[in-house]
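Asker: A single structure is presented below for examination.
Read the figures in this text as sums done on the coordinates, not as results from a lab. Note that the structure is a prediction, hence the values are computed from the model and not measured. Note: ideal-geometry Cβ built from the backbone for every residue, glycine included; neighbour counts use all protein chains shown.
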Amino acid sequence: MNTSLKQAYRKEMALAKKYYRQQDYDLTFYHLERAHILGQCYVIPHTRAHWWMLKVGWRCGDAREIRGQILRIAGSLVLSRIWVPLGNTGGADVSPIQPMAIPDDLKALLESR
């Protein structure tokens, strides 16, 4: 992971953790989705994003999110270096194999990886 991508990932994770502490789970998840997009090609950042999504699902009592994230954590450990659906936001509300449009502000970071 190059320096600018790593910094952007860390920024999104820091914002997610900030909002998690404030119990603003919508904003937490928004930043986790962005971190997921940035880190999904790297095992540890990818898995970390899903772990935090699982924590949000647990805090919100969202059984679908909990089940989805447990499966996605397993998948991230196995598939991150082999294949990922680029742009996928990682939440249980989307197919884990569906590529998605990458937000414009993240495109340049991902193109330079």
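Every residue, every condition in (1) out of contact with any Lys or Arg (no Cβ under 8 Å at 6 or more places or on another chain); (2) crowded, with 17+ Cβ neighbours inside 10 Å; (3) among the hydroxyl-bearing types (Ser, Thr, Tyr); (4) over 16 Å from LEU5 (Cβ atoms), yes or no:
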position	(1), (2), (3), (4)
TYR25	no, yes, yes, yes
VAL43	no, no, no, no
LEU79	yes, yes, no, yes
ASN88	yes, yes, no, yes
SER95	yes, no, yes, yes
GLN98	yes, no, no, yes
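Asker: Between residues in the range 6-32 that are free of Cβ contacts under 8 Å to residues at least 60 places away in the same chain and under 23 Å from SER112 (Cα atoms) and residues that are among the hydrophobic types (A, V, I, L, M, F, W, C) and assigned to a loop (DSSP other than H, G, I, E, B), which pairs lie under 9 Å by C-beta distance while being six or more apart or on different chains?
Answerer: Between residues of the range 6-32 that are free of Cβ contacts under 8 Å to residues at least 60 places away in the same chain and under 23 Å from SER112 (Cα atoms) and residues that are among the hydrophobic types (A, V, I, L, M, F, W, C) and assigned to a loop (DSSP other than H, G, I, E, B), the close pairs are TYR9/MET1.
Asker: Is there a residue being closer than 24 Å to SER112 by Cβ, surrounded by fewer than 19 Cβ atoms within 10 Å (Cβ to Cβ) and of a type in the set (A, V, I, L, M, F, W, C) anywhere in the range 51-71? Spell out how you get there, then give the answer.
Answerer: In the first step, residues of the range 51-71 are kept if they are closer than 24 Å to SER112 by Cβ; the result is none.
No: the range 51-71 contains no residue that is closer than 24 Å to SER112 by Cβ, surrounded by fewer than 19 Cβ atoms within 10 Å (Cβ to Cβ) and of a type in the set (A, V, I, L, M, F, W, C).
Asker: Please work out which one of (1) surrounded by 14 or more Cβ atoms within 10 Å (Cβ to Cβ); (2) touching a Pro at 6+ places or on another chain (Cβ under 7 Å) is the condition TYR20 fails and give its number.
Answerer: (2)
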